[in-house]
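Nothing in this text is a laboratory measurement; each read-out follows from the coordinates by a stated rule. Note that the structure is predicted; figures quoted are calculated from it, not measured. Cβ atoms come from the backbone with ideal geometry, glycine included; neighbour counts cover every protein chain shown.
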């Protein structure tokens, strides 16, 4: 078991003030321009950008911590989207890996607004290079970290295509931005989770009012259940949708014998608590007026609710 102790922090989405607040609450101090702890290390769960008001300030803090060895981080789906948005498609000259539609640009507009101007071109390039340096998953002694879903089959499928640090290569970024490819499916699952289609072309409206025909799932469950049991976050389905049976074989599953895994991504609400003895999500909707949440991990195989920190 690892002797290094880690503090894991959920999705930030441009909320630099909240990050500083939670760092201070965990006794990190600013030393030579970098927040550090004398005995612990931070792990970010990704999703630094879009939505929030202090994206540039946040990235300056995060990048200094990671680059100076005070923190680690995985990539979130918003960092992947940003890379694709800013990367030309070599197979379609004049276009981008993430099409610059009104919808995609609107989602990214808060980030774009903070990096307008030729004087910030180099800084923007540095930020994008930092995103490229973020691993898709981290596995340490007794600890796993991924933005949305630890899916062993998808990790194995990507392993030959990532670099030695589990980061995107140029070729993988292109393939993973191309629908109906194995890389696209794998990245979708690791960074956005597993979704199930609703029966009879059913739908619901998500937190942004977008009509959805698929629901995110509690992929770590290991037993037969219903769509209502597995929907994540819960409570988004009507009774008819919720009663659809789901077999254990349709879920990824996560054994109680596995190392603890930490996730972001899921926009939870309420009081932070573990999802299973070895599964915790730290995204509690800071960008929607919720809380910023961290977990102080001291090597335990079974997580405990007393270790969550909330600001």
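Is the shape of region 195-311 rounded, prolate or oblate, going by the alpha carbon gyration tensor and its root eigenvalues a ≥ b ≥ c, with a/c under 1.5 for rounded and a/b larger than b/c for prolate?
Values: a/c = 2.86, a/b = 1.36, b/c = 2.10.
Verdict is oblate for region 195-311.
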* To do: Mind telling me which of 234, 90, 99 comes out most flexible in a GNM of the chain, alpha-carbon contacts under 10 Å?
  => 90
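Using alpha-carbon pairs under 8 Å, 6+ residues apart, how would you state the relative contact order of the chain in percent?
Numbers: 610 pairs, mean separation 62.2, N = 311.
Normalised by residue count, the contact order of the chain is 20 percent.
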* **Highest-MSF residue in the chain out of 193, 69, 209 [GNM, Cα springs under 10 Å]** => 209
* **Estimated 222 nm signal from helices in the chain, with DSSP H stretches of n ≥ 4 weighted -39500 (n - 2.57), rounded to 500** => -8000 deg cm²/dmol
* Asked: In whole angstrom, how far apart do the alpha carbon centroids of region 239-311 and region 37-80 sit?
  -> 20 Å
* Taking 12, 83 and counting other C-beta atoms within 10 Å, the order from fewest to most -> 83, 12
* Rg to Rh, two decimals, where region 195-251 supplies the alpha carbon set and Rh follows Kirkwood -> 0.94
* **Nitroxide proxy distance, nm - points 7 Å out along Cα→Cβ at residue 306 and residue 167** => 3.9 nm
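Would you work out the relative contact order for region 195-251, in percent, from Cα pairs under 8 angstrom that are 6 or more residues apart? Intermediate results must be reported in sequence, preceding the final value.
Numbers: 87 pairs, mean separation 18.4, N = 57.
Value for region 195-251: 32 percent.
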* Asked: Taking a quarter of the surface of the Cα convex hull of the chain, what do you get in nm²?
  -> 16.4 nm²
